[in-house]
Amino acid sequence: MRDIWEIYNDAYNIVEECCGYGIIGNIADVVVNYRATRRWGCCKCRTSHGKKEYTIEISNRILNEDVPYNSVLSTMVHELLHATEGTKGHKGLWLKRANLVMRKHPELSITRCTNSEYFNLENNIERKEYKFACECERCGVILARTVQNKFVKHPEHYIHKGCGGHFRRIYQQQTSII
């Protein structure tokens, strides 16, 4: 397994070089997450004594030696960009800074999300068996649920953010969708 601190130091230097020195907030810790199966990294912010502190988590799945180093480095840079001044989410300043980094370091790919192929990994996430599914009448997007909730009971009350269409329940038990 790769040394997470070596990756962190490389990423830290890249972000400071590209975005400005002193722009990264107080990083309290960098940890390996052994439970993450659907994300590669995470930047958590908490306030302690009136100051923001950030903890960066990287999934152990991408720290293997067979994963390309630039892919892991891109993930760490992505998370460090969340810890820079004035950023929130994946738009605005975060996006501008990600583009700055990629202009100066074209070997990196800092995107909002990636898939397992980017890391040369097999997608070995278990498929959930869903009992309920609702479909948007306008665009056909299917949202699946494992338990019956308000959305499943009355999908017609909900509007799809993507297209503005209404949902209808699909009466198929055990629909397998990711």
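Any read-out appearing in this document is the output of simple, stated calculations on the displayed coordinates, not a laboratory observation. In this text the structure is predicted, and so the values were computed from the model without any measurement. A quick note on method: Cβ atoms are made from the backbone with ideal geometry, for glycine too, and the neighbour counts reach across all protein chains shown.
So the values come out like this:
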item: Most mobile of TYR130, TYR54, TYR69 in a GNM of the chain (Cα contacts under 10 Å); result: TYR130
item: Degrees separating the helix 93-104 axis from the principal Cα axis of the chain, which is the longest one; result: 60
item: Chain lengthening between ASN64 and ASN13 when straightened (0.36 nm per residue, less Cα-Cα); result: 16.1 nm
item: Distance from segment 73-117 to segment 3-68 (C-alpha centre basis), Å; result: 12
item: Largest-first principal axis extents, alpha carbons of segment 30-178, Å; result: 49, 37, 34
item: DSSP-defined beta bridges in segment 1-82 - what % are antiparallel, rounded to 5; result: 55
item: Where labels lie 7 Å past Cα in the beta-carbon direction, separation of TYR21 and LYS96 in nm; result: 2.2
item: Volume per residue of the C-alpha convex hull in segment 129-176, rounded to whole Å³; result: 63
item: Rg/Rg_globular for segment 1-111, with Rg_globular taken as 2.2 N^0.38 Å and Rg from C-alpha atoms; result: 1.00
item: Two-decimal Rg to Rh for segment 84-150 - Kirkwood Rh, Cα set; result: 1.15
item: Crossing angle, helix 4-19 versus the chain [Cα axis fit, 0-90 degrees, rounded to tens]; result: 80
item: Segment CYS139-SER116, extension gain: residue separation times 0.36 nm, minus the distance between their alpha carbons; result: 5.6 nm
item: Paramagnetic label zone (point 7 Å from Cα along Cα-to-C-beta, THR37; backbone N under 20 Å) in segment 127-152; result: 127-132, 144-148
